[in-house]
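Trainee: Please see the structure below; I have some questions.
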Amino acid sequence: MPLLTTREMLRAAQADGYAVGAFNVENLEMAQAVVEAAQALRAPVIVQTTSSTLRYAPPEAFAGIVRALAEAADVPVALHLDHGDSAQLAERCLRAGYTSVMIDGSALPFDGNVALTRQVVDLAQGMPVEAELGKVGGKEDDVEANAAYTEPEEAERFVRLTGVSSFAPAIGTAHGVYKAEPKLDLARLEAIRAAVDVPLALHGTSGVPEDAVRACIARGICKVNYATDLRAAFTAAVRAYLAAHGAAFDPKGYLSAGRDAVRARVAELIGVCGSAGRA
Ligand code: 13P
């Protein structure tokens, strides 16, 4: 089917108390793996690319790939810009066929974040826009950040002033690899959920224990982002394939190994999200 926007998908998840998995992809094979896993489990799914991924290959290329994969599937697939670093990039992605964008002004002071996010909501002309307030810690795309928790009253004001369609609060997760088990502030999440009515996105989910992810979903998270986990699965499988096939030279061999590993991991994570059988 054609690419869907994240709006319908996330509203359905919010209404029924599950989350849609949002999986970061870096290439054709990872995009195939995500859509294949979603198809096999009859799950709605979000394929997403960060700003740095779009410096590696342009949005038009990812839009072409993911649109073709979605059209060959019969489960809902959305294509989302994750951590958009400028209004220009968000606009270019939407023009290329992305069906959702995030603008990340979380490093700016509150008013600057509101102004940038508002600009993207305006240029998106009704397409869904996600934004972040407070800082999810760790290495976010290629920017290092210290965690700063989102205040519920600020979240309410931010969502009201910007008109965003989904919101990423900082509740103690971090992007990248955790050095110690993350401490999630579930009471804060509940307070944010009570303060805003738009769907909430969890960032930095790789390495968060499954029970903690489920606890967040039970408290109103309905989009769960995974990036590091899939990059690691892909790379480990490619490394193992090349170690076992020292004379291999056809990329289709080792890239298939990476694709198989990501498909298997995405299937497990769809299970954590509770989105299997929802499409
Ligand atoms: P992880 O790399 O920790 O899974 O974070 C993913 C994410 O939030 C992308 O925006």
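The values are calculated or read from the model by the stated rules, or taken from the named source; none is laboratory data. Just so you know, these numbers come straight off a predicted model, no measurement behind them. Cβ atoms come from the backbone with ideal geometry, glycine included; neighbour counts cover every protein chain shown.
So that you can scan it fast, the table gives a plain yes or no per residue for (1) without any contact (Cβ under 8 Å) to a residue 40 or more places away in the chain; (2) among the hydrophobic types (A, V, I, L, M, F, W, C); (3) on the phi < 0 side of the Ramachandran plot:
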| site | (1), (2), (3) |
| --- | --- |
| His203 | no, no, yes |
| Gly207 | yes, no, no |
| Asp211 | yes, no, yes |
| Ile217 | no, yes, yes |
| Thr235 | yes, no, yes |
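Trainee: Assess whether Gly97 counts as being away from the ligand (no atom under 16 Å from the Cβ), closer than 15 Å to Leu54 by Cβ and either modelled with pLDDT of 95 or more or of a type in the set (Asp, Glu) (or both). It would help to see each step written out before you state the result.
Mentor: Details: away from the ligand (no atom under 16 Å from the Cβ): yes; closer than 15 Å to Leu54 by Cβ: yes; either modelled with pLDDT of 95 or more or of a type in the set (Asp, Glu) (or both): yes.
Yes.
Trainee: Would you check if Thr205 is within 11 Å of the ligand (Cβ to nearest atom) and buried (at least 22 other Cβ atoms within 10 Å of the Cβ)?
Mentor: Yes.
Trainee: Residues in the stretch 162-175: is at least one in a loop (DSSP other than H, G, I, E, B), surrounded by fewer than 16 Cβ atoms within 10 Å (Cβ to Cβ) and away from the ligand (no atom under 15 Å from the Cβ)? So that I can check it myself, show each step before the final result.
Mentor: Going residue by residue through the stretch 162-175, those that are in a loop (DSSP other than H, G, I, E, B) are 163-165, 170-173.
Filter once more, so that each one left must be surrounded by fewer than 16 Cβ atoms within 10 Å (Cβ to Cβ): 163.
If we keep only those that are away from the ligand (no atom under 15 Å from the Cβ) too, we end up with 163.
Scanning the stretch 162-175 turns up at least one residue that is in a loop (DSSP other than H, G, I, E, B), surrounded by fewer than 16 Cβ atoms within 10 Å (Cβ to Cβ) and away from the ligand (no atom under 15 Å from the Cβ).
Results for (1) outside any helix (DSSP H, G or I); (2) over 22 Å from His175 (Cβ atoms), shown as yes or no for each residue.
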residue: Val198; (1), (2): yes, no
residue: Gly204; (1), (2): yes, no
residue: Arg214; (1), (2): no, no
residue: Cys222; (1), (2): yes, no
residue: Phe234; (1), (2): no, no
residue: Phe249; (1), (2): yes, yes
residue: Asp260; (1), (2): no, yes
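Trainee: Any idea which residue in the stretch 107-142 is nearest to the ligand (Cβ to nearest atom), counting only those that are among the small types (Gly, Ala, Ser) and at pLDDT 95 or above?
Mentor: In the first step, residues of the stretch 107-142 are kept if they are among the small types (Gly, Ala, Ser); the result is 107, 112, 115, 124, 126, 131, 134, 137-138.
When the remaining residues are screened for being at pLDDT 95 or above, the result is 112, 115, 124, 126, 131.
Numbers: Gly112: 20, Ala115: 22, Ala124: 18, Gly126: 23, Ala131: 12 Å.
Taking the candidates together, the pick is Ala131.
Trainee: Could you look through the stretch 176-199, keep only residues that are within 16 Å of Leu133 (Cβ to Cβ) and within 16 Å of the ligand (Cβ to nearest atom), and pick out the one that is surrounded by the fewest Cβ atoms within 10 Å (Cβ to Cβ)?
Mentor: Leu189
Trainee: Which one is surrounded by the most Cβ atoms within 10 Å (Cβ to Cβ), of the residues in the stretch 223-273 that are aromatic (Phe, Trp, Tyr) and within 16 Å of the ligand (Cβ to nearest atom)?
Mentor: Taking the stretch 223-273 and keeping what is aromatic (Phe, Trp, Tyr), we get 226, 234, 241, 249, 254.
Add one more test, that the residue is within 16 Å of the ligand (Cβ to nearest atom), and what stays is 226, 234.
Details: Tyr226: 27, Phe234: 24.
That would be Tyr226.
Trainee: Among the candidates Ala13, Ala22, which residue alone is assigned to a strand (DSSP E or B) and either within 16 Å of Glu130 (Cβ to Cβ) or of a type in the set (S, T, N, Q) (or both)?
Mentor: On the way: Ala13 fails: assigned to a strand (DSSP E or B).
The conditions single out Ala22.
Trainee: Next question, about the same structure. Checking the structure you have, find out if any residue of the stretch 56-73 is of a type in the set (Lys, Arg) and touching a Cys at 6+ places or on another chain (Cβ under 9 Å).
Mentor: no
Residues are listed down the side, and each one gets a yes or a no for (1) assigned to a loop (DSSP other than H, G, I, E, B); (2) in contact with a helix residue (DSSP H, G or I) (Cβ under 7 Å, 6 or more places away or on another chain):
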residue: Ala73; (1), (2): yes, yes
residue: Leu79; (1), (2): no, yes
residue: Arg92; (1), (2): no, yes
residue: Met102; (1), (2): no, no
residue: Gln119; (1), (2): no, yes
residue: Asp122; (1), (2): no, no
residue: Met127; (1), (2): yes, yes
residue: Glu132; (1), (2): no, no
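Trainee: What number of residues in the stretch 95-119 are crowded, with 22+ Cβ neighbours inside 10 Å, farther than 19 Å from Pro58 by Cβ and β-branched (Val, Ile, Thr)?
Mentor: Count: 1.
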